[in-house]
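Encoded as C-alpha cells, the structure appears first; notes follow it.
The values are calculated or read from the model by the stated rules, or taken from the named source; none is laboratory data. In this text, all values refer to a predicted model and were calculated from it rather than measured experimentally. Neighbour counts run over all protein chains shown; Cβ positions are idealised from the backbone, glycine included. Accessible surface is based on the protein model in full, side chains and every heavy atom, while ligands, DNA and RNA are left aside. Shrake-Rupley method; radii C 1.70, N 1.55, O 1.52, S 1.80 Å.
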Amino acid sequence: GDLLPADGILIQGNDLKIDESSLTGESDHVRKAVDKDPMLLSGTHVMEGSGRMVVTAVGVNSQTGIIFTLLGAGGEEEEKKEKKGG
C-alpha cells in the first residue's frame with residue numbers, strides 16, 4: 001500500500017481501505033467513504049481501493065507531525081532538567 005504523506009478529507013473513493021495501525025495500533029483495515037469516516041491521516045497506508053482527497057495538513061501540522069512534535073518536546077524538557085540539575 002501507498003503511504004499517505006498528508007492529512008486530508010476524502011472527496012472521491014472506490015472501496016478504500018486504510019491500515020491505520022501506525023497511529024492506532026489496531027490491525028484491522030478501516031473502510032473509508034465520503035459519507036462515512038472521510039478523514040485520511042498521514043503515516044497510514046492504503047491497502048485496497050483508490051480515492052482522492054483534499055489535503056488539510058502537512059508536516060508538523062499533520063497528526064503524525066503533532067505526535068512526533070509532542071514526543072520530541074518531552075525529550076527536550078528532560079534534557080533541560082538534566083542540565084540544570086548537573
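Mind listing just one residue for me: the one in segment 38-52 that is within 14 Å of the chain's Cα centre (by Cα) and of a type in the set (A, V, I, L, M, F, W, C) and, of those, surrounded by the fewest Cβ atoms within 10 Å (Cβ to Cβ)? Steps first, please.
Residues of segment 38-52 within 14 Å of the chain's Cα centre (by Cα): 38-46.
Imposing the further condition that a residue be of a type in the set (A, V, I, L, M, F, W, C) reduces the set to 39-41, 46.
Working: Met39: 14, Leu40: 24, Leu41: 19, Val46: 18.
So the residue we want is Met39.
Considering only residues in segment 56-74 that are within 12 Å of the chain's Cα centre (by Cα), open to solvent by 80 Å² or more (accessible area, probe 1.4 Å) and aliphatic (A, V, I, L, M), the one that is farthest from Leu16 (Cα to Cα) turns out to be Val60. Of all residues in segment 60-86, those that are under 26 Å from Ser42 (Cα atoms) and at pLDDT 70 or above have Cβ atoms under 6 Å from Cβ atoms of residues that are among the hydroxyl-bearing types (Ser, Thr, Tyr) and open to solvent by 70 Å² or more (accessible area, probe 1.4 Å), 6 or more apart or on another chain, in Val60/Thr69. Considering only residues that are farther than 15 Å from Met53 by Cβ and open to solvent by less than 50 Å² (accessible area, probe 1.4 Å), which ones fall in segment 1-24? The answer is Asp19, Ser21.
Would you point out the residue of segment 25-37, among those that are of a type in the set (Gly, Ala, Ser) and farther than 22 Å from Gly59 by Cα, that is most open to solvent (accessible area, probe 1.4 Å)? The residue in question is Ser27. Figure legend. Inter-residue proximity from segment 35-49: first residues within 12 Å of Leu23 (Cα to Cα) and touching a residue at least 40 places away in the same chain (Cβ under 8 Å), second residues among the aliphatic types (A, V, I, L, M) and assigned to a strand (DSSP E or B), beta-carbon distance below 6 Å, spacing 6+ or different chains. Indicated pairs: Thr44/Ile18; His45/Leu3.
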